[in-house]
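First the structure, in the form of structure tokens, and then the observations on it.
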Amino acid sequence: MADLDNVAAALADAFRDDPVFGWLIPPGTPRRDAKMLTFFTSMARSYLRRGKHVYVVGDGRAAALWSAPGAWTLPMSEMLRETPSAMKAFGRNTFHAVRTQLQVESLHPKEPEHWYLGYLGTRCDSQGQGLGSAMLREVLDGADAAGVPAYLESSNERNLTLYKRHGFAVVEEIRALGRGPSIWRMWRDPARSS
């Protein structure tokens, strides 16, 4: 599964300086790069296995994981299936990682149905070349044509500008488990054609 490897590698590299991942897998952790790769391999595998929308561009320079309207929830069976990978990735912070995921999911809007961007990232050496924008447009153009909104959570403040440029607005800023890094919940109504 070349796509799986490319997607996981792109996202692991893109999120290496992410505040939430830095909190859960701190810099200096032994084998941190391998742990990041383990987590994103698990996520990409789960998306691919469930027929979700997985995008990779530029020979693995950027990747995105999207869920179609009505399909964003992660079934408990899928969480259990990927638990060994989560434990390998997060080690003693697995409990914090799971609780953070549950916190974020509890705030996820139930209606109206919407596209959900689970992860989007560009390798550090390829950022600023429009790859993230291209992957956003891949789904957002179709969402606009169908009149469907979109939703995401951003765990890195520097990415808010990109998402705002594509029509997302911050709904709420939360702290992971009340004491961790900020996470921004963002919503996007479909753009109206002129």
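Please find, among D13, D3, D33, the residue that is surrounded by 20 or more Cβ atoms within 10 Å (Cβ to Cβ), assigned to a helix (DSSP H, G or I) and among the acidic types (D, E). Walk me through it before giving the result.
On the way: D3 fails: surrounded by 20 or more Cβ atoms within 10 Å (Cβ to Cβ); D33 fails: surrounded by 20 or more Cβ atoms within 10 Å (Cβ to Cβ).
The unique qualifying residue is D13.
Among the residues of region 72-87, those that are under 18 Å from the mean Cα position of the chain (by Cα) and either small (G, A, S) or not in a helix (DSSP H, G or I) (or both) comprise W72, T73, L74, P75, E82, S85, A86.
Taking region 144-161 as the region of interest, how many residues are surrounded by fewer than 17 Cβ atoms within 10 Å (Cβ to Cβ) and closer than 24 Å to T122 by Cβ?
As a first pass, look at region 144-161 and keep what is surrounded by fewer than 17 Cβ atoms within 10 Å (Cβ to Cβ): 145-147, 157-158, 160-161.
Imposing the further condition that a residue be closer than 24 Å to T122 by Cβ reduces the set to 157-158, 160-161.
Looking only at that region, the number is 4.
Select, from G178, G121, G91, G132, the only residue that is surrounded by 13 or more Cβ atoms within 10 Å (Cβ to Cβ) and on the phi > 0 side of the Ramachandran plot. Write out each step before concluding.
Values: G178 fails: surrounded by 13 or more Cβ atoms within 10 Å (Cβ to Cβ); G121 fails: on the phi > 0 side of the Ramachandran plot; G132 fails: on the phi > 0 side of the Ramachandran plot.
Residue meeting the stated conditions: G91.
A quick yes/no check of all residues on (1) more than 21 Å from G147 (Cα to Cα); (2) in contact (Cβ under 8 Å) with a residue 24 or more places away in the chain:
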position	(1), (2)
V56	yes, yes
A63	yes, yes
P69	no, yes
L74	yes, yes
F90	yes, yes
V98	yes, no
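Would you mind finding the one in G22, G70 that is surrounded by fewer than 20 Cβ atoms within 10 Å (Cβ to Cβ) and at positive phi?
Working: G22 fails: at positive phi.
Result of the check over G22, G70: G70.
Coordinate-derived values only; no laboratory data. Treat the numbers as computed from the prediction; the structure is a model and nothing was measured. Note: ideal-geometry Cβ built from the backbone for every residue, glycine included; neighbour counts use all protein chains shown.
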